[in-house]
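The values are calculated or read from the model by the stated rules, or taken from the named source; none is laboratory data. In this text, all values refer to a predicted model and were calculated from it rather than measured experimentally. Glycine gets a Cβ as well: all are built from the backbone with ideal geometry, and neighbour counts include every protein chain shown. With ligands, DNA and RNA removed, areas are computed over all heavy atoms of the protein, side chains included. Shrake-Rupley method; radii C 1.70, N 1.55, O 1.52, S 1.80 Å.
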Amino acid sequence: MVNADSLTSSLNCVDLSNPDINQSVNSLKQACLDSGFFYVVNHGISQEFMDEVFAESKKFFSLPHKEKMKLLRNEKHRGYTPVLDELLDPENQVHGDYKEGYYIGVEVAEDDPKSHKPFYGPNRWPSSGILPKWRETMEKYHEQALEVGKKVARIIALALGLDANFFDQPKMLGEPIAILRLLHYEGRISDPTKGLFGAGAHTDYGLITLLATDEISGLQICKDRDAKPQKWEDVPPMKGAFIVNIGDMLERWSNCVFKSTLHRVLGNGKERYSIPFFLEPSHECLVECLPTCKSATNPAKFPPILCQDYLSQRYNDTHANLTIYKKQKNLQY
């Protein structure tokens, strides 16, 4: 049990074990209005299991590069993403992020009609002969993180003046695009003045992100993305807590009542591991201004858009074209 009062960060904390739902709603709402980031504690996932997930993640990233490249991500964004694959802030980065990752989504069999959808299909899994507990551990974590995400979404709904089950509808989180990503940051030192980052400045794309981290710091947020110069604040890791932030889709839904927040990762010379869980609505979900967030004097600021179209565009904008890896492979032989 984590004591919410003992947290030293300036970010608000939402305690999922708190019987006073109004207190949780008010705390979350204030966090979303202030920074778009908050901690979630007492979420129901044991520290013992979290340690196991991180241990399995490290095992994968410790494999030889050649072994990891056998599981290179596919067009459905399942599998391994090499260092420099992702470029989140092209205006300020000289090349991609100093991190490698691994995408795991909702498992959908290849012969399932749903597998033709973007972000759906079979996952890519390391051989059980190499990493025997890996798939079992990651599938269990994906399932548990999804439940935590749905609990947070219910509090968000209340904070926006909606029914608590608003996001539980079939076309929203009933069939979600829920993406788990394992990340490993190389032990490099970032230098913003030279355009070198662990992860470039960006906002997340979807509804909410649940971030689990190790004890190494590096995450920073910028509450006012339009400020010149931008002011960056550290978000310290907190054992037993998720760092949660809202994404661009919720900004669109809420008509900018809740804004997604610019964030980045700076390397300090130490290896760092983190595990974000991106919770997005279903493919067919039409993201349009919520009735509680618009009025005659405050009309909708964004046109409606299908979730799958928005996510596909954002992923394609930030990831390297897969053809470059085929060219590299051909050059090796």
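Values computed for the structure shown
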quantity: Residue among 181, 188 that is of a type in the set (Lys, Arg) and either touching a helix residue (DSSP H, G or I) at 6+ places or on another chain (Cβ under 6 Å) or closer than 19 Å to residue 313 by Cα (or both); calculated: 181
quantity: Residue match in the stretch 214-237 (condition: under 27 Å from residue 121 (Cβ atoms), buried (at least 21 other Cβ atoms within 10 Å of the Cβ), of a type outside the set (Lys, Arg) and touching a Phe, Trp or Tyr at 6+ places or on another chain (Cβ under 7 Å)); calculated: no
quantity: Test: residue in the stretch 257-265 that is over 16 Å from residue 201 (Cα atoms), surrounded by 14 or more Cβ atoms within 10 Å (Cβ to Cβ) and in contact (Cβ under 8 Å) with a residue 40 or more places away in the chain; calculated: yes
quantity: Strands (runs of 3 or more DSSP E) (entirely within the stretch 142-258) containing at least 1 residues that are at pLDDT 95 or above and more than 19 Å from residue 11 (Cα to Cα); calculated: 177-185, 199-202
quantity: Residues that are in contact with a Leu (Cβ under 8 Å, 6 or more places away or on another chain) and on the phi > 0 side of the Ramachandran plot, drawn from the stretch 72-120; calculated: 79, 119
quantity: Count - residues of the stretch 57-90 that are closer than 29 Å to residue 176 by Cα, open to solvent by 10 Å² or more (accessible area, probe 1.4 Å) and polar (S, T, N, Q); calculated: 1
quantity: Residue match in the stretch 302-311 (condition: open to solvent by 40 Å² or more (accessible area, probe 1.4 Å) and part of a strand (DSSP E or B)); calculated: yes
quantity: Matching residues, the stretch 182-204, being among the acidic types (Asp, Glu) and either in contact (Cβ under 8 Å) with a residue 24 or more places away in the chain or touching a strand residue (DSSP E or B) at 6+ places or on another chain (Cβ under 6 Å) (or both); calculated: 186, 204
quantity: Residues located in the stretch 263-289, provided they are over 24 Å from residue 225 (Cα atoms) and either in a loop (DSSP other than H, G, I, E, B) or of a type in the set (D, E, K, R) (or both); calculated: 269, 270, 271, 272, 281, 282, 283, 284, 285
quantity: Count - residues of the stretch 128-172 that are open to solvent by less than 80 Å² (accessible area, probe 1.4 Å), closer than 17 Å to residue 241 by Cα and not β-branched (Val, Ile, Thr); calculated: 8
quantity: Qualifying residue in the stretch 72-82 (condition: modelled with pLDDT of 95 or more, under 23 Å from residue 210 (Cβ atoms) and β-branched (Val, Ile, Thr)); calculated: yes
quantity: Output for the stretch 91-127, where each listed residue is closer than 21 Å to residue 284 by Cβ, assigned to a loop (DSSP other than H, G, I, E, B) and open to solvent by less than 20 Å² (accessible area, probe 1.4 Å); calculated: 105, 108, 119, 120
quantity: Hits in the stretch 205-217 (condition: touching a strand residue (DSSP E or B) at 6+ places or on another chain (Cβ under 6 Å) and within 29 Å of residue 281 (Cβ to Cβ)); calculated: 206, 207, 208, 209, 210, 211, 212, 213
quantity: Among (1) open to solvent by less than 30 Å² (accessible area, probe 1.4 Å); (2) over 25 Å from residue 102 (Cα atoms); (3) touching a residue at least 60 places away in the same chain (Cβ under 8 Å) - the single one residue 21 does not satisfy; calculated: (1)
